[in-house]
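The values are calculated or read from the model by the stated rules, or taken from the named source; none is laboratory data. Not measured: the values here are computed from a predicted model. In this analysis, Cβ positions are derived from the backbone assuming ideal geometry, glycine residues included, and neighbour counts consider all displayed protein chains. Accessible surface areas use protein heavy atoms only, side chains included; no ligands, DNA or RNA. Shrake-Rupley method; radii C 1.70, N 1.55, O 1.52, S 1.80 Å.
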Amino acid sequence: MKEIVLSGIRATGNLHLGNYYGALRNFVRMQDDPAYDNMFFVADLHALTTNPDPEQLHANVKNILAEYLAAGLDPEKSTIFIQSDVPEVSELYLLLNMHVGIGELMRTASFKDKARKALGIKSDSDDIEKEIIGTDSNKRVNAGLLTYPTLMAVDILIQKAHKVPVGKDQEQHLELTRRFARRFNSFYGVELFPEPQNFNFGANAVKVPGLDGSGKMGKSEGNCIYLIDDEKTLRKKVMRAVTDEGPKTPNQPVSQSVENIFTLMDLACAPDVVKHYRDAYADCSIRYGDMKKQLAEDLLKITLPIRERILDIQNDDAYLARAVKIGAERARERAAATLAEAREIMGIRKFY
Ligand code: TYM
């Protein structure tokens, strides 16, 4: 029996290097491993939590799909689908929510972050719960945002997935998924859902840093390099990446902003190239301009071929449609079987 692999990316814009190194690159690698039965989807329902413009949402779904295919996902090898093409997910989401606590959802880090953004709160105060309950009605935190982890858990559990290749920022959501699976199984005394694990070929989960010296590369942080960026744009972004005034004494500690560049180099450059620059940092001979040029060069080797294919595939509506049609059929088949089991277990049974 092959292990089931499942992962998805929200349809909120173009894919950036965080998505690529945290997730998509692994999807492509897993696809060629006969040990895995792979399923990759575009999470359009999850994108609804920010109430996007309908035309924009649809365009974003199409973009991500084209980017999946351009990066190497192959509908002949993997099940590629759109989340909303599997309506069974929405029903199991309702059922599973009956076993999920409002408190545990409110304590989720990603919920607190997004709720703060929705309410325009800057502080890191943990009192976000009070703010949410006390808020006036034109700045809402919608219930879909709160129950985001339930929907993500259902994406995974409805396919009975074992492995979920995601970046570090999604680990708390995976932990919740395991907890919900255990809770459901033990409440009903069944073994319906396996407990899924993150997967990165034996390495730790990846956190791709931003170019602005801050923590994580993210769409809403405005610090991204996109797979679709053209050569000039990418070079400009890398050359403008935040650094510092350079090492003054041998072997001095590396500042956060420079460490971020090294982290990107670890992902994109050959190990001896990275070592060369780390050594140059240690003996104070480093020139950040050269280092950034090297990084831009190596990133372009990865992104430019993908960009070319995105531009081709984007306009091939027939290919896009075909890819997700077979994917939806396969994904629905497995989802319908799990949903039928869950309904039966919970006592939702038909009279006719
Ligand atoms: P999303 O759309 O925020 O991110 C998609 C994937 O990209 C990874 N990622 C990163 N990895 C490393 N460094 C970064 N800076 C970085 N930024 C993004 C994320 O870890 C993720 O793997 N909730 C999910 C989508 C989802 C899902 C699922 C995933 C919905 N249902 C079921 C797996 C299984 C999300 O928001 O991803």
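Can you tell me how many residues in region 1-20 are open to solvent by 40 Å² or more (accessible area, probe 1.4 Å) and either β-branched (Val, Ile, Thr) or more than 8 Å from the ligand (Cβ to nearest atom) (or both)?
Number of matching residues: 5.
Within region 197-223, restricting attention to residues that are aliphatic (A, V, I, L, M) and more than 7 Å from the ligand (Cβ to nearest atom), which residue is most open to solvent (accessible area, probe 1.4 Å)?
Ala203
Quick check, is Ile80 surrounded by 21 or more Cβ atoms within 10 Å (Cβ to Cβ) and either part of a strand (DSSP E or B) or away from the ligand (no atom under 14 Å from the Cβ) (or both)?
yes
State which residue pairs qualify: first residue under 16 Å from Glu175 (Cα atoms) and inside region 89-108, second residue surrounded by 13 or more Cβ atoms within 10 Å (Cβ to Cβ) and hydrophobic (A, V, I, L, M, F, W, C) in any location, beta carbons under 6 Å apart, and separation of 6 or more residues or different chains.
From residues that are under 16 Å from Glu175 (Cα atoms), the pairs are Leu96/Val154; His99/Phe184; Leu105/Leu146.
Could you list all residues from region 103-137 that are of a type in the set (Val, Ile, Thr) and modelled with pLDDT under 85? Spell out how you get there, then give the answer.
Residues of region 103-137 of a type in the set (Val, Ile, Thr): 108, 121, 128, 132-133, 135.
Within region 103-137, Ile121, Ile128, Ile132, Ile133, Thr135 qualify.
Hey, can you tell me all the residues within region 171-196 that are aromatic (Phe, Trp, Tyr), in a helix (DSSP H, G or I) and open to solvent by less than 40 Å² (accessible area, probe 1.4 Å)?
Filtering region 171-196 down to residues aromatic (Phe, Trp, Tyr) leaves 180, 184, 187-188, 193.
Next, only the ones that are in a helix (DSSP H, G or I) stay: 180, 184, 187-188.
Correct list: Phe180, Phe184.
Cβ-Cβ below 9 Å, separation at least six or inter-chain, first residue in region 9-20 and part of a loop (DSSP other than H, G, I, E, B), second of a type in the set (Ser, Thr, Tyr) and modelled with pLDDT of 95 or more: which pairs?
Cβ pairs passing all conditions: Gly13/Tyr226; Asn14/Tyr226; Leu15/Tyr68; Leu15/Tyr226.
Hey, which of the helices (runs of 4 or more DSSP H) in region 238-352, taking only ones fully inside, have at least 3 residues that are out of contact with any helix residue (DSSP H, G or I) (no Cβ under 7 Å at 6 or more places or on another chain) and within 30 Å of Gly13 (Cβ to Cβ)?
Fully inside region 238-352 and qualifying: 256-268, 288-314, 317-346.
Any residue at all in region 268-279 that is touching a residue at least 12 places away in the same chain (Cβ under 8 Å) and under 23 Å from the mean Cα position of the chain (by Cα)?
The answer is yes; a qualifying residue exists.
Which residues, counting only those in region 113-131, are open to solvent by 30 Å² or more (accessible area, probe 1.4 Å) and in a helix (DSSP H, G or I)? Before the answer, list the steps.
Residues of region 113-131 that are open to solvent by 30 Å² or more (accessible area, probe 1.4 Å), as a first pass: 113-114, 117-118, 120-127, 129-131.
Hits for region 113-131 are Asp113, Lys114, Lys117, Ala118, Glu129, Lys130, Glu131.
Being in contact (Cβ under 8 Å) with a residue 40 or more places away in the chain, within 16 Å of the ligand (Cβ to nearest atom) and under 17 Å from the mean Cα position of the chain (by Cα), is that true of even one residue in region 234-256?
There is no residue in region 234-256 that is in contact (Cβ under 8 Å) with a residue 40 or more places away in the chain, within 16 Å of the ligand (Cβ to nearest atom) and under 17 Å from the mean Cα position of the chain (by Cα).
Specify which of the listed residues (Leu295, Leu304) is under 30 Å from Phe81 (Cβ atoms) and either open to solvent by less than 60 Å² (accessible area, probe 1.4 Å) or touching a residue at least 12 places away in the same chain (Cβ under 8 Å) (or both).
Only one candidate qualifies: Leu304.
Please state which one of Leu48, Leu96, Leu92 is modelled with pLDDT of 95 or more, within 15 Å of the ligand (Cβ to nearest atom) and surrounded by fewer than 22 Cβ atoms within 10 Å (Cβ to Cβ).
Leu48
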